[in-house]
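Presented below is the structure to which this report refers.
A short reminder: the numbers here are calculations on the coordinates, not readings from a lab. Please read all numbers here as calculations on a predicted model, not as lab measurements. In this analysis, Cβ positions are derived from the backbone assuming ideal geometry, glycine residues included, and neighbour counts consider all displayed protein chains.
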Ligand code: OKP
Ligand code: ZN
């Protein structure tokens with residue numbers, strides 16, 4: 001399987017994130033991709049190539065212009081006031097307040113942010129746009145006839161909506177890829193999100209559309225981030241009614257529960273008969289993940305890949321979460337190799 005990768009992800013390396021009320025070293029860090037790249041080389045998964053430099057056009061198809069302007073300038077404006085440290089919000093337009101964009105950078109951070117754990121650093125814009133380019137390039141390869149491709153990118157994207165950054169995500173790489181597939185002629189695209197966390201951004205972006213099916217397997221939002229979306233009764237609206245499927249599962253879920261849920265999701269995708277598929281892949285469903293509570297093993301990731309590969313559609317895999325850095329390369333490449341093997 002071909003991998004698309006840009007070294008520009010290193011520009012985004014947040015010093016800290018908030019967990020349990022204190023600032024701790026950020027778990028979404030450059031070493032994650034080093035682990036995956038090393039394993040790709042070890043097992044000879046396939047070639048690794050840079051993105052095409054597609055620019056911001058694919059990004060603008062998914063995100064609003066004011067949001068992109070904010071993301072691009074945000075750290076510079078913040079630094080003029082607070083110095084060269086990572087920018088984070090502390091105030092939100094919660095219930096009872098007016099949701100209009102303030103003028104000050106502090107206010108704008110709260111306006112566009114969904115949480116306090118997604119710092120905007122001096123290199124965030126560069127890394128996030130490179131990640132979007134990696135995903136868009138992968139989508140072009142699929143549109144040009146590849147059976148599979150792997151967009152190895154960070155920061156991740158599935159929590160980011162058209163105009164909200166949260167959950168370590170700024171630009172929604174998987175949504176950008178799905179939109180590229182639509183724009184390149186796919187009549188129907190399925191997004192299968194198997195990150196541990198619900199892909200609230202991707203769901204929101206496609207919620208009212210019937211041409212993009214969104215299927216997500218994740219920890220129950222009643223007890224896990226992102227908390228405010230991802231329940232089973234969210235099924236889409238308007239033209240998108242029936243084109244969202246959420247399969248939340250309890251903390252502690254292992255393969256005995258996860259496998260049958262995946263089959264349900266894949267059945268729905270089969271019925272939808274998409275021209276192509278985007279998999280938002282997170283390895284944070286792993287037993288040893290430091291911020292998650294599912295119990296998949298290294299071998300289970302091979303089983304997931306095999307089941308998804310058997311669906312016999314062109315597949316772009318887009319990297320999302322996974323924070324057990326030592327096992328991340330093995331788990332991810334287990335998944336990719338099994339997926340490709342089941343396709344042929
Ligand atoms: C991003 B992705 C821990 C706070 C962590 C953010 C999680 C973001 C996950 N209590 N909150 O979906 O892997
Ligand atoms: Zn996750």
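Give the stretch 306-331 a look and list any residue that's more than 10 Å from residue 286 (Cβ to Cβ), in a helix (DSSP H, G or I) and under 19 Å from the mean Cα position of the chain (by Cα), or say none.
Across the stretch 306-331, the qualifying residues are 308, 325, 329.
Test residue 232 against the stated conditions and say whether it is over 23 Å from residue 182 (Cα atoms), more than 16 Å from ligand 1 (Cβ to nearest atom) and surrounded by fewer than 20 Cβ atoms within 10 Å (Cβ to Cβ).
Judged against the criteria, residue 232 is a match.
Pick from the stretch 276-305 the residues that are more than 15 Å from ligand 2 (Cβ to nearest atom) and surrounded by fewer than 18 Cβ atoms within 10 Å (Cβ to Cβ): which of them is farthest from the chain's Cα centre (by Cα)?
It comes out as 299.
Rundown of residues vs (1) within 13 Å of ligand 2 (Cβ to nearest atom); (2) out of contact with any strand residue (DSSP E or B) (no Cβ under 7 Å at 6 or more places or on another chain), yes/no style:
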site	(1), (2)
143	no, yes
159	yes, no
178	no, no
183	no, yes
186	no, no
193	yes, no
203	no, no
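How do the strands (runs of 3 or more DSSP E) wholly within the stretch 184-285 filter down when requiring 1 or more residues that are more than 27 Å from residue 329 (Cα to Cα) and touching a helix residue (DSSP H, G or I) at 6+ places or on another chain (Cβ under 9 Å): which remain?
189-193, 212-219, 244-249
When you check residue 160 against the structure, is it surrounded by 20 or more Cβ atoms within 10 Å (Cβ to Cβ), touching a helix residue (DSSP H, G or I) at 6+ places or on another chain (Cβ under 9 Å) and in a loop (DSSP other than H, G, I, E, B), yes or no?
Yes.
Would you be able to tell me the number of residues in the stretch 117-138 that are within 16 Å of ligand 1 (Cβ to nearest atom) and part of a helix (DSSP H, G or I)?
5
To keep it simple, each residue is scored yes or no on (1) touching a helix residue (DSSP H, G or I) at 6+ places or on another chain (Cβ under 8 Å); (2) assigned to a strand (DSSP E or B); (3) under 29 Å from residue 205 (Cβ atoms).
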site	(1), (2), (3)
17	no, yes, yes
23	no, yes, no
33	yes, no, yes
36	yes, no, yes
46	yes, no, no
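Which one of these is under 30 Å from residue 338 (Cβ atoms), surrounded by 13 or more Cβ atoms within 10 Å (Cβ to Cβ) and within 16 Å of ligand 1 (Cβ to nearest atom): 27, 43, 62?
Exactly one of 27, 43, 62 is under 30 Å from residue 338 (Cβ atoms), surrounded by 13 or more Cβ atoms within 10 Å (Cβ to Cβ) and within 16 Å of ligand 1 (Cβ to nearest atom), namely 27.
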